[in-house]
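Undergrad: Please see the structure below; I have some questions.
The values are calculated or read from the model by the stated rules, or taken from the named source; none is laboratory data. Note that this is a predicted model, so its numbers are computed, not measured. Here the Cβ is made from the backbone with ideal geometry for all residues, glycine too, and neighbour counts use every protein chain on show.
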Amino acid sequence: MYKTAECVSPAHPDKLCDQISDIILDACLEQDPNSRVAMETMGGHGQIYVTGELTTKADVDIEKCVHIVLLENRYNPKDYKIHQNIVSQSPDIARGVDTGGAGDQGIMVGYAIANTPGQIPAELYLARHILKLLWTHFEQARDSKSQVTMLDGMIHTIVLSAERIP
């Protein structure tokens, strides 16, 4: 059976988007511990979209949060146009959270195994390890991704993609 796993570098656009959503959440919770934040960020090709539901008493500058993450990862904020579409939390979701539910959150399923150092599936362990080596030796390869496919416990295919910075 084929099994494939993918890993992206710390400064890959997917990771940057996660960091932007995280910094917004942190800023809200710092000012208002009762904040309800369901934020998604998507970006690429000079565009960053921040969208979601935000119910808080906090005063958070979304654009400033985006700039902080870009600068921390050596990207120039002037190269990006930032779009925002943020509304208050839906009353239906709020009712679910208020009564002890999890709102619209899903359940993630994973598993551990004993035969890799990280106790994760071998394909994921190898994809992470390859990217870690790349990042250690070529930190400027910020937009990079590795993918490992295994067939019956043996490496079948390795794909590595890395941005080249002049």
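Undergrad: Could you grab me the full set of residues in the stretch 1-37 that are of a type in the set (A, V, I, L, M, F, W, C) and part of a loop (DSSP other than H, G, I, E, B)?
TA: Of everything in the stretch 1-37, those that are of a type in the set (A, V, I, L, M, F, W, C) and part of a loop (DSSP other than H, G, I, E, B) turn out to be M1, A11.
Undergrad: Return the residues of the stretch 62-86 that are in contact (Cβ under 8 Å) with a residue 24 or more places away in the chain and either outside any helix (DSSP H, G or I) or of a type in the set (S, T, Y) (or both); say none if nothing qualifies.
TA: N73, R74, Y75, Y80, K81, I82, H83, Q84, N85, I86
Undergrad: What number of residues in the stretch 82-137 are modelled with pLDDT of 75 or more and either surrounded by 10 or more Cβ atoms within 10 Å (Cβ to Cβ) or more than 30 Å from T51 (Cα to Cα) (or both)?
TA: 32
Undergrad: For the stretch 143-155, give me the residue count where each residue is over 9 Å from T4 (Cβ atoms) and more than 21 Å from the chain's Cα centre (by Cα). Show your work before the answer.
TA: Here is the first cut: in the stretch 143-155, the residues over 9 Å from T4 (Cβ atoms) are 143-146, 151-155.
Subsequent filtering for residues that are more than 21 Å from the chain's Cα centre (by Cα) retains 151-155.
Result for the stretch 143-155: 5.
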